[in-house]
Amino acid sequence: MPSPDIRAEFAAVPWESPAPNVRFKAITRNGVQLRLVEFSRGFVEHDWCSKKHIGYVLSGELVIELPEGPVHIREGEGLVLPGPSARHKALPVTETVTLFLVEDA
């Protein structure tokens, strides 16, 4: 019986760039999306995001803007944004910020 492919090989996935100063690699399996995201200084998120995100900052620092105020997330820290109740925007503080995110597909 062949073993299931449980690895997420980001090296084999091309970068996508949906907007200036942001790029990502995504792997989707079993209703879950894993994303490696890189924000560069100058990234502007024009609209509030209301998606659920669970993540970890691999390098750099960013600010998550919430309606209640900003929250700084630094390298080595995680984040949990529960979805519609936590509208948010990301703002890189360092030249680049790299995140690993787990999201609903």
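The values are calculated or read from the model by the stated rules, or taken from the named source; none is laboratory data. Model, not experiment: these values are computed from the prediction. When we count neighbours, we look across all protein chains shown, and the Cβ atoms used for this are built from the backbone with ideal geometry, even at glycine. Ligands, DNA and RNA are excluded from the accessible area calculation, which covers all protein heavy atoms including side chains. Shrake-Rupley method; radii C 1.70, N 1.55, O 1.52, S 1.80 Å.
Give me a comma-separated list of calculated 3J(HN,Hα) values for segment 34-40, in order, Karplus coefficients 6.51, -1.76, 1.60 applied at θ = phi - 60°, integers in Hz, x for any Gly or Pro.
Running phi through 6.51 cos²θ - 1.76 cosθ + 1.60 with θ = phi - 60° gives 9, 10, 9, 10, 10, 9, 10 Hz.
What is the dipole size for the chain, taken about its Cα centre, with +1 at each Lys and Arg Cβ and -1 at each Asp and Glu Cβ, in debye to the nearest 20?
180
Please identify every one of the chymotrypsin sites (Phe, Trp or Tyr not before Pro) in segment 1-58 that sits in a loop by DSSP and has no more than 14 other beta carbons within 10 Å of its own beta carbon.
Passing both the DSSP loop test and the Cβ count: Trp15, Trp48.
With θ set to phi - 60°, apply the Karplus curve 6.51 cos²θ - 1.76 cosθ + 1.60 along segment 56-66 and write out the HN-Hα couplings as whole Hz, x wherever there is a Gly or Pro.
9, 7, 7, 7, x, 8, 9, 10, 9, 7, 10
Excluding ligands, DNA and RNA, what is the solvent-accessible area per residue of the chain at a probe of 1.4 Å, expressed in Å²?
63
I need the fraction of alpha carbon pairs in segment 1-45 separated by more than 15 Å, rounded to a whole percent.
Summing the P(r) tail past 15 Å for segment 1-45 gives 52 percent.
Keeping the other protein chains in place, figure out the carbon and sulfur percent of the accessible area of the chain, with a 1.4 Å probe.
On the chain, the fraction of accessible area on carbon and sulfur atoms equals 56 percent.
Explain nothing, just the number: relative contact order of the chain, from Cα pairs under 8 Å at least 6 residues apart, as a whole percent.
Here the relative contact order equals 32 percent.
What FRET efficiency would be calculated for the residue pair Asp5, Ser59, taking the C-beta separation as r and a Förster radius of 25 Å, to the nearest 0.05?
E between Asp5 and Ser59, to the nearest 0.05, is 0.35.
How many percent of the alpha carbon pairs in the chain exceed a separation of 23 Å?
That tail contains 26 percent of the Cα-Cα pairs.
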